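Here the structure is laid out as structure tokens; the discussion comes afterwards.
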């Protein structure tokens, strides 16, 4: 089983990017950047880059703050343990930046999970972001959404391994929800799945997902025992 989980407001209980930007950003500048995005003048990729480029804080300061102000959702530790018990792979897939996702996960004791996200390249001398690097994507996915969450599912789908997707959003999460075998959804993604006829299990805490993973592990073990 492959478990692909979104980060902001899914693995984390908050939107990590917005939490940091509220702490470090200038309201007037952020308002102007948001207005351009809301009007359709800029894409999500451009919007996110402009937001982080507007910060005066160094990369080190951003990472340090991320480790302190971005809490994980209840049940994430239980889900990770259930995946380890069943030898299932977990991948965090996010349209956000690695510079806040990885420190937040590490602060929660989760340092061994692969993260597919936007990579913020830092200049060592200035300690500033100099480039944003985007991971590969499926051709059908909208490039403007920054990260294709279907892409890490390819290998598992080709080998008929079950793919579980866990998310909350209406941007890059919707395509992943259409692609995965099993979907756990909350908030806007749950509304989308209900409107599009996509079977999805509602959740708030991730304990429900951990319970499902353990049940599938038990089913596979029982099936493999024979008579």
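The values are calculated or read from the model by the stated rules, or taken from the named source; none is laboratory data. These figures come from a predicted structure and were not determined experimentally. Here Cβ is always computed from backbone atoms with ideal geometry, including for glycine, and neighbour counts include all displayed protein chains.
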Set 8, 98: member being assigned by TED's automatic domain parsing to the domain that holds residue 162 and without any contact (Cβ under 8 Å) to a residue 24 or more places away in the chain: 98
Residue 176 vs. criteria modelled with pLDDT of 95 or more, within 26 Å of residue 85 (Cα to Cα) and assigned to a helix (DSSP H, G or I): no
Residue within the stretch 47-65 that is touching a residue at least 40 places away in the same chain (Cβ under 8 Å), in contact with a strand residue (DSSP E or B) (Cβ under 8 Å, 6 or more places away or on another chain) and farther than 20 Å from residue 133 by Cβ present: no
Complete set of residues in the stretch 14-58 that are crowded, with 17+ Cβ neighbours inside 10 Å and part of a loop (DSSP other than H, G, I, E, B): 15, 25, 42, 55, 57
Residue under evaluation residue 219, criteria (1) modelled with pLDDT of 95 or more; (2) surrounded by fewer than 15 Cβ atoms within 10 Å (Cβ to Cβ); (3) on the phi < 0 side of the Ramachandran plot, criterion not met: (1)
Candidate set from the stretch 116-135 (those that are in a strand (DSSP E or B) and in contact (Cβ under 8 Å) with a residue 60 or more places away in the chain); member that is farthest from residue 146 (Cα to Cα): 128
Test: residue in the stretch 128-144 that is under 17 Å from residue 4 (Cβ atoms), surrounded by 21 or more Cβ atoms within 10 Å (Cβ to Cβ) and not assigned by TED's automatic domain parsing to the domain that holds residue 50: no
Leading residue by the ranking (surrounded by the most Cβ atoms within 10 Å (Cβ to Cβ)) among those in the stretch 188-200 that are closer than 18 Å to residue 73 by Cβ and in contact with a helix residue (DSSP H, G or I) (Cβ under 7 Å, 6 or more places away or on another chain): 189
Residue check, residue 74 touching a helix residue (DSSP H, G or I) at 6+ places or on another chain (Cβ under 9 Å) and crowded, with 17+ Cβ neighbours inside 10 Å: no
Residue identified as part of a helix (DSSP H, G or I), more than 16 Å from residue 129 (Cα to Cα) and at pLDDT 95 or above among 79, 99: 79
